[in-house]
Every structure is written in structure tokens, then in C-alpha cells.
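Okay, so here's the structure we're looking at.
The values are calculated or read from the model by the stated rules, or taken from the named source; none is laboratory data. Treat the numbers as computed from the prediction; the structure is a model and nothing was measured. Don't worry about glycine lacking a Cβ; one is built from the backbone with ideal geometry, like all the others, and counts go over all protein chains shown.
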Amino acid sequence: MAPRALWKGQLRLSLVSIPVEIYSATKRGARVSFRQIHEPSGRKVRYEKTVPGVGPVKAEDIVKGYEIGDDEYLLIDPEEIDAIKLETKKTFELVQFVDACEIPPLYFDKPYYITAADDLAEDAYRVVRDALRKAGKVGLGQVTMRGKEYLAAVKPCGDGLLMETLRYEDELREADSVFTDIEDEEADPDLLEVATSLIERKSAPFDAGAYTDKYAEALHELLAAKRKDKKTPRARDESERGEDGGDNVVDLMSALKQSLKEAKASDKKKPRRKKAS
């Protein structure tokens with residue numbers, strides 16, 4: 001299945017605007033994921049949004065709250081946040097160019113692919129790609145995705161462009177407080193020579209394919225063995241096998257119980273009729 005674009009808009013370089021789409025460059029590999037199971041019943045553990053003294057609440061009744069102190073919150077409707085107008089929601093402008101080595105690795109966050117949105121945009125797209133490659137530069141700009149404005153770097157990547165989101169300076173922790181106990185002294189010359197020789201002997205071109213997630217592989221092997229072993233404990237959750245789905249059944253039951261409770265309370269409030277003598 002083709003990936004879905006996370007962002008669609010214009011990549012702007014001065015007066016040139018290019019329709020582009022942005023896709024995530026990463027995917028979940030063969031990692032093993034587990035569900036939490038209530039062992040006595042064998043059913044999946046669910047997480048409900050609840051309010052103390054109220055119980056489960058509806059999604060449409062939830063707003064964002066910004067704490068201003070002493071458990072007091074400013075209530076903000078999500079639509080108010082969505083209405084904030086930022087040019088970077090639809091335009092990603094390259095405003096500065098730097099050498100790639102100028103950006104410390106600590107700032108890099110996550111990679112994305114930028115592609116031309118259509119055939120007509122490809123010529124301008126290739127010009128930007130080749131110009132960055134010829135200049136040996138990385139373009140910087142800001143783009144808003146998923147409710148956050150990111151600082152991002154753009155550089156050539158094969159036939160296309162790679163965008164890497166960058167952390168803002170205030171998101172990074174100062175290293176001095178972490179390394180404060182490390183004495184600022186030079187390493188022993190003999191030990192340094194041995195370590196340097198070892199590094200040189202083990203130096204080779206980077207090949208990501210040479211590395212695999214051995215922990216995930218071991219988990220898959222364990223699960224395969226457990227699946228074949230008939231003595232492995234098993235659980236079957238039958239709670240979601242109703243005609244309308246488990247969630248609907250649970251919601252319907254809650255609604256019926258609440259209706260019954262309200263009906264009983266209403267009956268108690270009604271005046272009783274006197275029996276005819």
C-alpha cells in the first residue's frame with residue numbers, strides 16, 4: 001500500500017514555489033508488539049478516558065486545558081488552535097543555506113522524503129535538488145506538520161530531496177551538567193595510540209544492512225517456539241465477537257444501565273396514587 005503524504009504544500013525558494021508532498025522516511029520494522037491481557041479473564045485491557053466522580057467521558061466533551069497554577073486551567077477548544085494561521089502550514093520556504101557539517105548531530109530529529117506533487121513540478125524540483133548538490137549546501141526553513149512548527153533541513157538524497165526535522169535550541173539539555181564529573185585531562189599517550197590503531201583497523205564504509213535488530217529476532221524465535229508448544233498458556237477474548245462489535249455492546253449496556261437508573265429515580269419522585277376504597 002502506498003504511503004500517505006503527511007504534508008502537502010509549496011516548497012519555496014525566493015520567488016519560485018514548487019508543489020510538493022512530504023512522506024515519512026522511516027517505518028516500523030519487524031519489532032514485536034504486545035497487548036496487555038487480564039490473565040484471569042483472558043480479555044484485553046482497555047484504556048478509557050474517565051473523570052473522577054463522572055466516569056467515562058465522550059471525546060466531543062474534551063477540550064485542551066493550559067495550567068496557570070493552583071489546579072486552575074484555561075480551557076481552549078481544539079478548533080481555536082487549528083484556526084491559528086501560520087504560513088508554514090502550506091509553505092515551506094528555504095530561508096538560509098549552510099554547510100551540512102555546520103549542524104551538530106544533536107539537532108537532527110527525524111527524516112522525511114520530499115517529492116514533487118505532479119509532473120509539472122518535477123523540472124523546478126530537479127533544479128533545487130541539483131543546485132543544493134552543486135553548492136554542497138543544506139537548505140533551512142520551517143514547516144508546520146501535525147500541530148507543530150518544525151525547523152527543518154533539506155538536502156539532496158539520491159534522485160530526490162531529504163528533509164530532516166531539527167530540534168530547537170531550547171529543546172536540548174546542556175551537556176556541562178552531565179559531564180561535570182569527568183576530569184579535563186589528556187588521555188594516556190600509550191593507551192591512546194592503541195585505541196587509535198584499533199579504530200583504524202575496524203574502519204570501513206557505512207553499511208546499514210550489516211546490522212539487524214537481534215533482540216527483535218530473538219523475540220520472534222521465542223514466539224515461534226511458544227506457538228508450536230501446546231503447553232503454552234493461551235487466552236481468547238470473546239468480548240468483541242458480538243454482531244455490532246464489543247465496543248458497541250459495552251456502550252449499549254452502559255447506556256441501558258444508566259437509562260434504567262434514571263427511570264428508577266424518576267419513579268421514586270412520582271407521587272403515589274391512593275387506592276380507591
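The table below lists the values:
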read-out: Residue count, region 18-63 (criterion: in a loop (DSSP other than H, G, I, E, B), of a type outside the set (Val, Ile, Thr) and surrounded by 11 or more Cβ atoms within 10 Å (Cβ to Cβ)); value: 4
read-out: Subset of region 111-140 that is part of a helix (DSSP H, G or I) and charged (D, E, K, R) - its residue that is nearest to Ala25 (Cα to Cα); value: Arg129
read-out: Answer residue from region 7-17, given it is among the polar types (S, T, N, Q) and in a strand (DSSP E or B) and is nearest to Lys148 (Cα to Cα) among those; value: Gln10
read-out: Residue among Ser41, Ser17 that alone is modelled with pLDDT of 90 or more and out of contact with any Lys or Arg (no Cβ under 7 Å at 6 or more places or on another chain); value: Ser17
read-out: Region 193-203, subset within 27 Å of Ile103 (Cα to Cα) and loosely packed, with under 10 Cβ neighbours inside 10 Å, residue farthest from the chain's Cα centre (by Cα); value: Glu200
read-out: Of residues in region 4-17 being surrounded by 10 or more Cβ atoms within 10 Å (Cβ to Cβ) and small (Gly, Ala, Ser), the one farthest from Tyr113 (Cα to Cα); value: Ser17
read-out: Candidates Val154, Val138, Val127 - the one that is farther than 21 Å from Lys90 by Cβ, of a type in the set (Val, Ile, Thr), modelled with pLDDT of 95 or more and surrounded by 13 or more Cβ atoms within 10 Å (Cβ to Cβ); value: Val138
read-out: Filtered residue count, region 94-143, keeping only those that are within 20 Å of Asp170 (Cβ to Cβ), touching a residue at least 12 places away in the same chain (Cβ under 8 Å) and under 25 Å from the mean Cα position of the chain (by Cα); value: 10
read-out: Verdict on Arg4 being modelled with pLDDT of 85 or more, within 20 Å of the chain's Cα centre (by Cα) and part of a loop (DSSP other than H, G, I, E, B); value: yes
read-out: Condition broken by Arg236, with the remaining ones in (1) part of a loop (DSSP other than H, G, I, E, B); (2) within 19 Å of Pro105 (Cα to Cα); (3) touching a residue at least 24 places away in the same chain (Cβ under 8 Å); (4) among the basic types (Lys, Arg) satisfied; value: (2)
read-out: Conditions (1) surrounded by 14 or more Cβ atoms within 10 Å (Cβ to Cβ); (2) hydroxyl-bearing (Ser, Thr, Tyr); (3) in a strand (DSSP E or B): number failed by Thr88; value: (3)
read-out: Any hit, region 72-82, residues being within 18 Å of Leu13 (Cβ to Cβ) and β-branched (Val, Ile, Thr); value: no
read-out: Answer from Arg201, Arg227, Arg173 - the residue that is under 30 Å from Glu149 (Cα atoms) and among the basic types (Lys, Arg); value: Arg173
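To keep it simple, each residue is scored yes or no on (1) surrounded by 10 or more Cβ atoms within 10 Å (Cβ to Cβ); (2) under 21 Å from Pro105 (Cα atoms).
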{"position": "Glu164", "(1), (2)": "yes, yes"}
{"position": "Arg167", "(1), (2)": "yes, yes"}
{"position": "Arg173", "(1), (2)": "no, yes"}
{"position": "Val178", "(1), (2)": "no, yes"}
{"position": "Leu191", "(1), (2)": "no, no"}
{"position": "Pro205", "(1), (2)": "no, yes"}
{"position": "Thr212", "(1), (2)": "yes, no"}
